[in-house]
Each structure stands twice: as C-alpha cells, then as structure tokens.
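The values are calculated or read from the model by the stated rules, or taken from the named source; none is laboratory data. Since the model is a prediction, treat every value here as computed from it, not as a measurement. Glycine also receives a Cβ, built like all others from the backbone with ideal geometry; neighbour counts cover every protein chain displayed. These accessible areas exclude ligands, DNA and RNA; they are computed on the full protein's heavy atoms, side chains included. Shrake-Rupley method; radii C 1.70, N 1.55, O 1.52, S 1.80 Å.
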Amino acid sequence: MQLIIAGFHRSGTSLLTQLLHSAGLFVGDELLGAMPSNPYGHFEDVEILRLHRAILERHGQDWQWDGSYPFHIGRDHWSQMRGLARGRQLNHADWGFKDPRVCLFLGAWKYVLPDAKFVMVYRDPAECVRSMESRQARDLFSDRGQAAAHRRFFEEADHGLRLWETYNRALVSFARSHRDDCLVLPFTALTEGYPVVDRVNERFGASLDPVPTSSVFDPDATSTRTAPLRVHDPRVAARVTRTWESLVDL
C-alpha cells in the first residue's frame, strides 16, 4: 500500500503521520526533526521535502503559495519522483510520506503512483492561521529563516487565510475526482480519539497495526484560538467558507 498524507500546514499532518508510522507505515529513512512548533517531530521525509521545495523554487516561491496550480514539473523532477517511488516500492510493502506541500502536487503523485491512497486532514482556518502566526513570529524574533517570509503574515492582509484556502481547495478538487482513493478527516478526529488506523484499514484494505490515536496525541502540544480571526477582505472570507463547507461535505 502507498499512502500519501496531505493537509495544510498546522492542520495535524505531523500527528496523523506519527500515528500511521507507529502503526507500521514506513514514512522515510531521514525525517525532519523536532522543532518548538512540533516537539515530537514533523515526520516528513527529507528527500520528498527537498523535491517539493525544488519544484516550488523553480516557480519563484516556496510553501507560501497562493497562486494558480497545477505546476509545470520539469523532466528532472519527474525523474526524481519516479526514482523515489521505485526505491520505496522495492523495499517496503506499506509506505507513504507526508509534506503539506503535497497538497499542490496530488495529481502529479497520482500519475506516478496510480494505486496510491490518500489520507487528508483539515483544521479550522482560524486555528491554522493562529498557529502559523505564532511560529513565524517566533522564527522572526529568533533570527531563524528568512525574515521577509515571516513578516508576510503581519504585513499582507489575510495572507494566512489565502494560503489556507489555496491548499485546501486543492485537496477538495483532488478528493472530488478520486473519492474512492481518499479518506478526509477533520483535525478533531485526531484530538477526540477517532480510530483513524482502523478506518484506514477498513477503507483501503490495509493491514496496519490497530494503534489507538490516543497513544500519540499530547493535548499539551496543541492549542486553540480563543479570539476571533479578523478578516479584511470579504471575498477571502467567502472563499474560505466555501472551501470549509466542501471539506466538511467530503
């Protein structure tokens, strides 16, 4: 089984991948380590992460993308995708990967891996934006990463919301076209103990170990937003609302 975990940044993809990894899913030899915003690790395959970054950088951007998609993928990157897939398939019966950027490349990976299945997680946009703003502010004041990229969240109106809508609209579009291959879950399914692994086994005929979600969820590592999220552009609010309703429907 090939299982791709997708979801916008700060939506619970790390928690979901940690759970599936503990249930026996191989998710990479070299994983992105822990950081203050992800104390238990990101569970991102570094090789996959570098590939997605390279594709985005060829378009002049990294993960803060709110433009059009799909992207043009060069022959070199197609070759890398196929090589990665062959290597994993030769060595692992049940494998997958997680990177929030994969939301923008779901169609490409489905082309490379026609039998792949997808577990998608979505989270309240205000919660995601609050979490991203906290992370970017911490990195800005710690002089970590690119200051200009961090400041976009505080200098560009509705920047976080526009990112949320772009990524999640991509999820909706793909899931509608590949319903039998997708399992769409809200973040609350992870925090409230929904039997995710059992559902993955049932939906996709997998044989992962039935690890309970509670075994990896630490409520102290997750926070919620108490203040309302200010939205400056009503058109952004309308798009976010439509996308949210579509996710709930899925």
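Here nothing in the chain passes the span test, since no DSSP H helix has an alpha carbon length of 30 Å or more along the helix axis and a Kyte-Doolittle mean of 0.5 or above.
Computed about its Cα centre, the charge dipole of region 85-189 is approximately 220 debye, with only Lys, Arg, Asp and Glu carrying charge at their Cβ. 3J(HN,Hα) along region 181-193, derived from phi through the Karplus expression 6.51 cos²θ - 1.76 cosθ + 1.60 where θ = phi - 60°, amounts to 9, 10, 10, 10, 10, x, 4, 5, 5, 6, 6, 9, x Hz, with x in place of Gly and Pro. Atom-type composition of the exposed protein surface of region 105-232 places 47 percent of the accessible area on carbon and sulfur (1.4 angstrom probe).
Of the residues Leu250, Phe71, Leu163, the one whose Cα sits farthest towards the positive end of the charge dipole of the chain is Phe71 (charges of +1 on Lys and Arg Cβ, -1 on Asp and Glu Cβ, taken about the Cα centre). For the chain, the relative contact order comes to 28 percent (Cα pairs under 8 Å, sequence separation of at least 6).
With the Cα gyration tensor of the chain in hand, convert its eigenvalues to equivalent ellipsoid semi-axes via √(5λ) and list them largest first in whole Å.
Taking √(5λ) for each Cα gyration eigenvalue gives 26, 21, 19 Å.
For the chain, the solvent-accessible area works out to 47 Å² per residue, with a probe of 1.4 Å and every protein chain left in place. In terms of packing, defined here as the mean over residues of other Cβ atoms within 10 angstrom, the peptides 160-171, 101-112, 193-204 line up highest first as 160-171, 101-112, 193-204.
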